[in-house]
């Protein structure tokens, strides 16, 4: 792995397959970056100047930088699990140029001082762009609404009590009303806590075999239905986090067809793993909330992506310490460390012909940008926008080794998996922040300043 911490420099990426769903672009050509912005894309070649950093992208895909709508950077308060520095460095390796960090820190992002702290740390130590998500309620307690206008002024791009749903419907209605006035989405973790109480994994045959209390699909679906009803009532935009069941997809489909302002995301692990993964020796690393479901649910989620009912793929990156996970399943923490495996995992769907490459790229770029209203500045390679770019090899084979993760969280159910598809370079604001070793060893980069 090579990291490059340089000022924005003239950059010419040549000979790659340039894919930008926001412009319906899919062509082999060159891409020029000047002053940290996309200058132009040309099919016939752009003349090389001596000052350019050159990246030979022959055989590689060049696309807008990936955007993660849902991650946990843990700072402030849980730095033993992750920090802004380690988390964003891991995100860069995963091809993400922008990440939206959730508010369940300690203290939570329910006030401007904490939001400003995160932004300051991001400017100072972050490898990629960080967009903070503010709390809906004070202390994430689900009772009193935060000063949402002040948080919006401080720069949050959405509101969520992630990890905890806003169970009180009157409070949720109030939040949606404020969100509509501010033009920002409300993101809800859809879980009926009373119905889920004591549940460890998805309710079904695996839970019975393990003698564990299960979490029925209705736990999610009840809250999805409620949030859709409240979004319709208020005319506000609600975003459903980590959708995991067939019925949730159906509810979202019907709502979209009726014009309700609802969007949704799905995670790589819910698209590729079933509850059967909980039968393995390392099952604690597959314990996640919402839980892994069935093969039928995966089929519905994939169809939801293909048909546009699910707008984005988000990692829900949730790093934990070894102590959090190296224990019996009932005591283990919920969550998967996802930045560094997300793309390789998702490319398995492409290679298995379950989803096409263009759709996958769209759900990692243009789709999430539209959810947060940033489609004019993120998730695109339009001339004049900030140069956030991901370059990947769709066929590069590699084996997941969690001990090599840059993230502090080694908690992954994909340890030892062989993936086909790897991020080769990540460029943020016109600056290369991650370059795979293969670029240097193959001579695919020239005039590279600031290497270390």
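The values are calculated or read from the model by the stated rules, or taken from the named source; none is laboratory data. This is a predicted model, so every value here is computed, not measured. Every residue, glycine among them, receives a Cβ derived from its backbone with ideal geometry; neighbour counts consider all protein chains shown.
Things to note:
- Exclusive hit being at pLDDT 95 or above and assigned to a loop (DSSP other than H, G, I, E, B), set 408, 363: 408
- Cross-chain or 6+ apart pairs with Cβ under 6 Å, region 334-351 first and in contact (Cβ under 8 Å) with a residue 24 or more places away in the chain and not assigned by TED's automatic domain parsing to the domain that holds residue 91, then assigned to a loop (DSSP other than H, G, I, E, B) and surrounded by fewer than 24 Cβ atoms within 10 Å (Cβ to Cβ): none
- Put simply, of 153, 179 the only residue that is farther than 28 Å from residue 214 by Cβ, in the same structural domain as residue 244 (by TED's automatic domain parsing), out of contact with any strand residue (DSSP E or B) (no Cβ under 7 Å at 6 or more places or on another chain) and in a helix (DSSP H, G or I) is 153.
- Checking each residue in region 214-236 for being in contact (Cβ under 8 Å) with a residue 60 or more places away in the chain and either more than 23 Å from residue 296 (Cα to Cα) or assigned to a helix (DSSP H, G or I) (or both) picks out 219, 220, 230, 233, 234, 236.
- Here residue 207 meets each of (1) in contact with a helix residue (DSSP H, G or I) (Cβ under 7 Å, 6 or more places away or on another chain); (2) assigned to a helix (DSSP H, G or I) with one exception, condition (1).
- Of all residues assigned to region 100-112, none qualifies as being touching a strand residue (DSSP E or B) at 6+ places or on another chain (Cβ under 9 Å), outside the structural domain of residue 429 (by TED's automatic domain parsing), in contact (Cβ under 8 Å) with a residue 40 or more places away in the chain and farther than 22 Å from residue 175 by Cα.
- Selection within region 380-405 - part of a loop (DSSP other than H, G, I, E, B) and out of contact with any strand residue (DSSP E or B) (no Cβ under 9 Å at 6 or more places or on another chain): 401, 405
- Residue check: residue 339 meets all listed conditions (1) outside any loop (DSSP other than H, G, I, E, B); (2) buried (at least 22 other Cβ atoms within 10 Å of the Cβ) but one, namely (1).
- Selected residue (only one of 196, 218, 241 is in contact with a helix residue (DSSP H, G or I) (Cβ under 9 Å, 6 or more places away or on another chain), assigned by TED's automatic domain parsing to the domain that holds residue 318 and surrounded by 17 or more Cβ atoms within 10 Å (Cβ to Cβ)): 196
- Restricting 188, 147 to those that are assigned by TED's automatic domain parsing to the domain that holds residue 88, within 24 Å of residue 245 (Cβ to Cβ) and modelled with pLDDT of 95 or more reduces the list to 188.
- Filter result for residue 248 (modelled with pLDDT of 95 or more and in a helix (DSSP H, G or I)): yes
- Checked against (1) touching a helix residue (DSSP H, G or I) at 6+ places or on another chain (Cβ under 9 Å); (2) under 27 Å from residue 233 (Cβ atoms); (3) free of Cβ contacts under 8 Å to residues at least 60 places away in the same chain; (4) surrounded by fewer than 24 Cβ atoms within 10 Å (Cβ to Cβ), residue 171 passes all but condition (1).
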